[in-house]
Amino acid sequence: MTSAAVTRVRAALARQPRIPLAVLPTPIYDATRLRDALGGPARCPRVLIKRDDLTALGLGGNKARKLEYLVADAQSQGAATLITTGAVQSNHARMTAAAACVAGMRCVLVLTTTVDEPAMAGNLLLDRLYGASVRLVPSVDPMLAVGQDEAVVAEVVADEEAAGRRPYVIPIGGSSGIGVFGYVGGTAELVEQLDAMGVSPTRLYFASGSRGTQAGLTLGAKLCGASYEVTGIAVSAGEPEKIERAKRIANDAATRLGLTERVDLPDLVTDQGFIGEGYGIPTDAGLEAIRVLARTEAILLDPCYTSKGMAALIQHVRAGKLSPAETVVFLHTGGMPALFTESFAKAFTQQS
Ligand SMILES: Cc1ncc(COP(=O)(O)O)c(C=O)c1O
């Protein structure tokens with residue numbers, strides 16, 4: 001039975017413009033073989049995997065939920081072109097390009113790259129396949145190019161306006177108050193599924209980047225009365241600024257939804273222990289997580305995000321931080337195209 005809290009959240013979301021882009025609800029998968037590989041029921045909690053890698057839009061992933069609201073907002077403003085930014089292998093950029101196709105809009109992607117001519121593979125190949133126009137911004141570190149890519153976005157906006165097309169700029173990762181609605185709705189869906197299964201998980205693990213997912217999951221957990229602690233695993237540095245952003249956009253979403261609940265900084269802390277050398281650089285623990293999930297459950301994690309989130313869960317099991325009596329949920333946020341890049345092939349074969 002749907003709880004009153006979930007019904008209230010769904011009613012608030014139903015008042016927001018939204019276009020259907022994702023196949024929902026996504027399934028929950030009981031990862032029994034993974035549990036066996038981590039010591040079985042005597043050592044490892046029950047691990048449920050929420051399969052948001054199966055949202056279907058453009059090979060799936062977490063951004064589909066955010067884009068349902070962002071693209072609807074763009075259309076309600078009469079926009080013809082979606083513009084967004086990210087690193088060259090951005091999943092968000094690929095899914096924005098896919099969403100633009102479905103919505104009948106143009107798409108311009110401003111992508112930072114550390115090499116002059118990035119290989120036409122993985123997400124970048126799909127961006128082109130979806131017909132997006134790509135502007136590359138060279139940078140020594142993809143996460144440090146923010147100022148540079150802003151200048152290019154301003155140029156693209158001016159070009160679109162000059163051509164008589166109204167642009168709509170989606171912030172990096174789709175992480176804005178409107179984007180946050182995606183995981184407020186995702187939480188209502190998850191809490192309802194867990195209730196129907198009769199389980200009360202203690203933690204929800206997921207990989208946290210630009211923090212829109214985290215803002216939505218945290219606000220959603222508060223609104224829906226979720227049983228679990230929202231356990232974000234950071235994949236990139238810059239916690240102080242990002243935590244403030246998460247708070248700002250979560251509370252902007254709450255205001256837009258007409259709800260009085262608010263999230264605070266302590267609700268939004270992430271675990272910084274699994275970033276490794278930096279954003280987009282695979283870690284040994286992450287590569288092990290990719291191999292274990294592939295060989296136990298045939299589930300594909302990605303080298304940049306989900307592998308680091310799952311590495312945290314595995315490490316917490318091995319360190320005895322989780323009791324076998326618990327149930328935990330791992331939110332699989334997608335990212336599979338990055339497996340089909342030269343850099344992943346190199347990292348994987350070096351470690352094998
Ligand atoms: C596969 C995957 N997982 C997790 C994330 C993190 O989501 P957020 O940027 O909302 O923190 C991203 C962001 O691009 C992603 O592509």
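The values are calculated or read from the model by the stated rules, or taken from the named source; none is laboratory data. Computed from a predicted structure; not experimentally measured. With ideal geometry, Cβ positions are generated from the backbone for all residues, glycine too; neighbour counts draw on all protein chains shown. Accessible surface areas use protein heavy atoms only, side chains included; no ligands, DNA or RNA. Shrake-Rupley method; radii C 1.70, N 1.55, O 1.52, S 1.80 Å.
Could you run through region 176-206 and say how many residues are open to solvent by 10 Å² or more (accessible area, probe 1.4 Å) and within 16 Å of the ligand (Cβ to nearest atom)?
3
Regarding Tyr205, is this residue outside the structural domain of Thr55 (by TED's automatic domain parsing) and in contact (Cβ under 8 Å) with a residue 60 or more places away in the chain?
no
Six or more apart or on different chains, Cβ under 7 Å: which pairs go from a residue in region 249-278 that's outside the structural domain of Ala237 (by TED's automatic domain parsing) to one that's assigned to a helix (DSSP H, G or I) and not aliphatic (A, V, I, L, M)? Could you list them?
Hits for this filter: zero, empty list.
Residues being open to solvent by 20 Å² or more (accessible area, probe 1.4 Å) and touching a Cys at 6+ places or on another chain (Cβ under 8 Å): count how many of those fall in region 102-139.
3
Does Arg94 satisfy the condition of being surrounded by 23 or more Cβ atoms within 10 Å (Cβ to Cβ), basic (Lys, Arg) and either farther than 21 Å from Gly164 by Cα or away from the ligand (no atom under 16 Å from the Cβ) (or both)?
Criteria met by Arg94.
Output the residues belonging to region 290-330 that are acidic (Asp, Glu) and either part of a helix (DSSP H, G or I) or open to solvent by 10 Å² or more (accessible area, probe 1.4 Å) (or both).
Scanning region 290-330 gives Glu297, Glu326.
Is there a residue in region 175-192 that is of a type outside the set (D, E, K, R) and not in a helix (DSSP H, G or I)?
Scanning region 175-192, I find at least one residue that is of a type outside the set (D, E, K, R) and not in a helix (DSSP H, G or I), so the answer is yes.
Here is a yes/no grid of residues against (1) at pLDDT 95 or above; (2) acidic (Asp, Glu):
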position	(1), (2)
His92	yes, no
Ala97	yes, no
Cys107	yes, no
Glu117	no, yes
Arg135	yes, no
Val146	no, no
Asp149	no, yes
Gly179	yes, no
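Here is a yes/no grid of residues against (1) among the β-branched types (Val, Ile, Thr); (2) assigned to a helix (DSSP H, G or I); (3) in contact with a Pro (Cβ under 6 Å, 6 or more places away or on another chain):
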| site | (1), (2), (3) |
| --- | --- |
| Leu217 | no, yes, no |
| Ala226 | no, no, no |
| Thr231 | yes, no, no |
| Ser236 | no, no, no |
| Ile243 | yes, yes, no |
| Ala254 | no, yes, no |
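Scanning for something under 19 Å from the mean Cα position of the chain (by Cα), modelled with pLDDT under 95 and within 11 Å of the ligand (Cβ to nearest atom), does region 268-281 turn up at least one residue?
Checked region 268-281: at least one residue is under 19 Å from the mean Cα position of the chain (by Cα), modelled with pLDDT under 95 and within 11 Å of the ligand (Cβ to nearest atom).
Output the residues belonging to region 35-54 that are touching a Leu at 6+ places or on another chain (Cβ under 7 Å) and outside any helix (DSSP H, G or I).
Correct list: Cys44, Pro45, Val47, Lys50.
Evaluate region 269-280: report whether one residue or more is hydroxyl-bearing (Ser, Thr, Tyr), part of a loop (DSSP other than H, G, I, E, B), at negative phi and out of contact with any Gly (no Cβ under 7 Å at 6 or more places or on another chain).
Checking region 269-280: at least one residue is hydroxyl-bearing (Ser, Thr, Tyr), part of a loop (DSSP other than H, G, I, E, B), at negative phi and out of contact with any Gly (no Cβ under 7 Å at 6 or more places or on another chain).
Only one of Val108, Val71 is among the aliphatic types (A, V, I, L, M), over 16 Å from the mean Cα position of the chain (by Cα) and in a helix (DSSP H, G or I). Can you tell me which?
Val71
Residues Thr213, Thr202, Thr270, Thr218: which one is farther than 26 Å from Ser90 by Cβ, out of contact with any Lys or Arg (no Cβ under 7 Å at 6 or more places or on another chain) and of a type outside the set (Gly, Ala, Ser)?
The unique qualifying residue is Thr202.
Go through (1) buried (at least 24 other Cβ atoms within 10 Å of the Cβ); (2) more than 16 Å from the ligand (Cβ to nearest atom) and name the single condition Val156 misses.
(1)
Exactly one of (1) open to solvent by 30 Å² or more (accessible area, probe 1.4 Å); (2) touching a residue at least 60 places away in the same chain (Cβ under 8 Å) is unmet by Ala56. Its number?
Failing condition for Ala56: (2).
Is it true that Val23 is under 24 Å from Ser176 (Cβ atoms), in a helix (DSSP H, G or I) and among the hydrophobic types (A, V, I, L, M, F, W, C)?
Taking the combined requirement at face value, the residue does not satisfy it.
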